[in-house]
Structure formats: structure tokens, C-alpha cells
Amino acid sequence: MTSTLTQPTRTSDAVRDAAPTRRRTRIFALPEARWAATALVLFLIALPLHLLGAPAWAWGPLYALVYVTGGWEPGWAGLQALRDRTLDVDLLMVVAAIGAAAIGQVLDGALLIVIFATSGALEAIATARTADSVRGLLDLAPATATRLTGDGGEESVPSADLRVGDTILVRPGERVGADGRVLDGASEVDQATITGEPLPVAKEAGDEVFAGTLNGTGALRVRVERDPSDSVIARIVAMVEEASETKAPTQLFIEKVEQRYSIGMVAATLALFALPLLFGAAVQPTLLRAMTFMIVASPCAVVLATMPPLLSAIANAGRHGVLVKSAVVMERLGQVDQVALDKTGTLTEGTPRVTDVRPLDGSRLAEDALLSLAAAAEHPSEHPLARAIVDAARTRGLAIPPAEDFGSAPGTGVTATVDGSTVAVGSPARLLHGTSRRPA
């Protein structure tokens, strides 16, 4: 590939850096969020009317609607759990709210319903965000791919419709549509989404490529070797989803204790109500005291505080290329004292930088002159190492002369004519073999 460039530009940076659109569930698409928002609005309307001394007919129906909109869903879930001989926290909260209303504390019961409905909505939102993060991994793969037909033509097809044995064309700047092997062409592919490595990997005939990775400046013909449902990205998603479904030891312990605790709490509430009555206490303050105990002693906060953080942590790690095998592993990370890391970009920025410029012994070029020539030759290139060289020259305030007859070969380097001399920049193997033109 050759061209004449006087003021080279990098027009494909936007393509290189563009991230796939991540799927995001709208908050009010969740029924829990809709019911909680409705209950909150009704409560905020009824509250000032109640506190300002409006007649009961003005705020009473609003509170009743708060009980219905915010309490029917957890109440129904609690009844279903009771049918399975399980005492559910949701049912306890609804019973406590109704009990508060029964003794005239309508405001307190409505507030409890709003708080509990809001906590349920927040849990649903956190779970939905986790699911969005997991599904967002699938967005790394392009929606469509260019499939080559038997008569030499091309057709755009959904990536999900690709089959093993199909041949696809991956143009420069496009994402690979399926896992496969290169049949023809040469390029450099950014595999950071799969491997975490920041530098593109040279690909030529016979090399394996993965769905969702970003092709560089060369065109590739790729034979599909895995069904899209079995691609590396799909398996990553499956692994993250599997990890999200596992239960950490803390959660298992809480679920085990919750039932016994709930039964004990109900027994204590009944005792707190019945025993004072046996000694002649008034019904209303006794019932209020018992309902207050039930509300304060409820384990709902502990239950809600366990799984959402784990789900969010697992999904967030997967979105950043870290696979967590299970919730058990995630929880045990808190006990880790030492960590071994082997990927560039984990402890570093993952962006190459020039640290030294060393002319060879006997070279006619000083450091700045050598760096200026290298930057001129690399300026048209999109490779991260090329950008590092150009940035180093600019940091030193060096002039970057225009380059002509620019040529690049994936995995080896570039050549260009600068001020009438041929400049070759590349791997040691390429430079040791020399170039066909007179070097600078």
C-alpha cells in the first residue's frame, strides 16, 4: 500500500475508539419501579393534606391507594411463599403496615409501604442493570457481517445467521462477525476485548480471529469455525450469567437463618402483644408496640444487602474483561492477601510510551533527528507504537516533516520517503533483513 501524504491525518481514530452501544433497561419498564413511584407520588400528595389538618376524606383514599399500589406486589409474593410453607419478609412487612393502619397509625403504615416498595424497586433496578451489563458483552459482536457467496458476490447478513463454513469479509475498521480462521489477507486486530492486551495482534492466513475484535488497516477473508452462539464472547456471557446465579456462602447462611429468625420474630411479636393484654394493658398501645417491634426486627435489610452488590460486582468485572467463576469466588476476594497479575493494562495504563531514544554506535543521527525521522514515517500509521513515537516527538517539540510513499506491512513495520530518503521503522527482524530501497 503506497500513498503520497503531505499532512497525514488519522481519520479512523473514531472508528477504533468507538464502543458498541450497551443495552440499558429503562427504569419504568420495570413493574416494581412503576408501582413504587406511584405509591411515592400518592404518599407525597396525602402527607401535607394530613399534616395540615385536612378532612379525612381528602387524604384517606390517597393513603389507601398507597397501600394498594405499593403493597399488593410484595403481599402477593408473600402469600405465594406462605402457600409453599415459607414465611416471607414481604408478607411480614405488609402485615405490619396493615396492623399500623388498624390501630389508627395510617401515616406510619403508608410510610412503611413506601419504604419497602422503594427498596424492592431499587433491588429490581440493580438486578436489571446487572443483566444489562451481561447482555452488553454480546454487543461487542457486530449486528451484521459481510458474507461471501459462491459466485464471488457479497451479502450483508445478521451475524447470528452465520454458520460454520461460511466465508466472511472483514474490512478495515470493522469488527469481526464470528470466530474463525483467516483464509486470505493480512492485518492487525485489536483483541483487547478478549485478551486484555492493548497492542493489536498481526493476523495472516491461518491465524485465528474472534468475534467482536476490531480489525485494523487490512482486509481479511475469514472462514467461520464456530457457531455465533458458541463464540468466545458468547461463552464469556454464559460464564458471567452462571456466576451471577450462584449463591455466596453469606447468602446461603442468611437464607438458612432467615426462616428460623422470621418464625422467632413472629412468635416474639405475638408474645409482645398477648402477654401485656393478659395483665390488663390497653389494646392500642400494645398493638402499636408489637407492630413497631415487628418492623424494627425485620431481616429485610440484611436480605436485600447481600445479592445485589455481588451481582453488580460480577457483571462489572465481566464488562471490564475479568471473569469471576462464581459468587463464592467474588466473596472470597475479601480474604485475598496476594494477587498475581500478568496482563498489560492491569497495573499500567496499557498505552505504550517512548522511554529512550538510542542511536546506534557510529550513526550520523542525534537522538532528536532520529526521533523526528521515525515520527515522520510513523505519522500516517494507526498502530499504538506509531502513536507513541509521534507523541514522543511532539513532547520534545520536534518538527515532523511530511512523508511520501508510505507503506505498511502488518506485524513488521512501515516505510516512507522523508526528505528524499527512505526511512524504515519496524521490528528488529525486518530491519535486519533490510529494505529494497536506500535507507536513511
Scan the range 407-430 residue by residue and report those that are farther than 17 Å from L371 by Cα and either aromatic (F, W, Y) or in a strand (DSSP E or B) (or both). G407, S408, A409
Is it fair to say L385 is in a loop (DSSP other than H, G, I, E, B), in contact with a helix residue (DSSP H, G or I) (Cβ under 8 Å, 6 or more places away or on another chain) and either not assigned by TED's automatic domain parsing to the domain that holds A219 or not charged (D, E, K, R) (or both)? no
Kindly indicate whether F28 is in a helix (DSSP H, G or I), of a type in the set (F, W, Y) and modelled with pLDDT of 90 or more. no
Top-ranked residue of the range 184-213 - restricted to ones that are over 18 Å from the mean Cα position of the chain (by Cα) and among the hydrophobic types (A, V, I, L, M, F, W, C), ranked as surrounded by the fewest Cβ atoms within 10 Å (Cβ to Cβ): A205
Just one of the numbered conditions (1) part of a strand (DSSP E or B); (2) at pLDDT below 90 is not true of G173; which one? (1)
Tally the residues that are part of a strand (DSSP E or B) and among the β-branched types (V, I, T), restricting the search to the range 176-192. 2
(1) under 30 Å from R235 (Cα atoms); (2) modelled with pLDDT under 80 all hold for L87 apart from (1)
Is one or more of the residues making up the range 373-387 small (G, A, S) and surrounded by fewer than 21 Cβ atoms within 10 Å (Cβ to Cβ)? no
Here are some conditions: (1) at pLDDT 85 or above; (2) surrounded by fewer than 21 Cβ atoms within 10 Å (Cβ to Cβ); (3) in contact with a Pro (Cβ under 8 Å, 6 or more places away or on another chain). A126 meets all but one. Which one does it not meet? (1)
Limited to the range 129-167, what total is found for residues that are modelled with pLDDT of 75 or more, surrounded by 15 or more Cβ atoms within 10 Å (Cβ to Cβ) and either of a type in the set (D, E) or farther than 19 Å from D230 by Cα (or both)? 3
Please tell me if M291 is modelled with pLDDT of 70 or more, under 18 Å from T127 (Cβ atoms), surrounded by 18 or more Cβ atoms within 10 Å (Cβ to Cβ) and among the aliphatic types (A, V, I, L, M). no
Filtering the range 258-278 down to residues that are surrounded by 15 or more Cβ atoms within 10 Å (Cβ to Cβ) and either within 22 Å of R85 (Cβ to Cβ) or among the aliphatic types (A, V, I, L, M) (or both), which residue is modelled with the lowest pLDDT? E258
Return the residues of the range 153-170 that are assigned to a loop (DSSP other than H, G, I, E, B) and under 21 Å from E204 (Cα atoms); say none if nothing qualifies. V164, G165, D166
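The values are calculated or read from the model by the stated rules, or taken from the named source; none is laboratory data. Note that the coordinates shown come from a computational prediction; the quantities given were computed from them, not determined experimentally. A quick note on method: Cβ atoms are made from the backbone with ideal geometry, for glycine too, and the neighbour counts reach across all protein chains shown.
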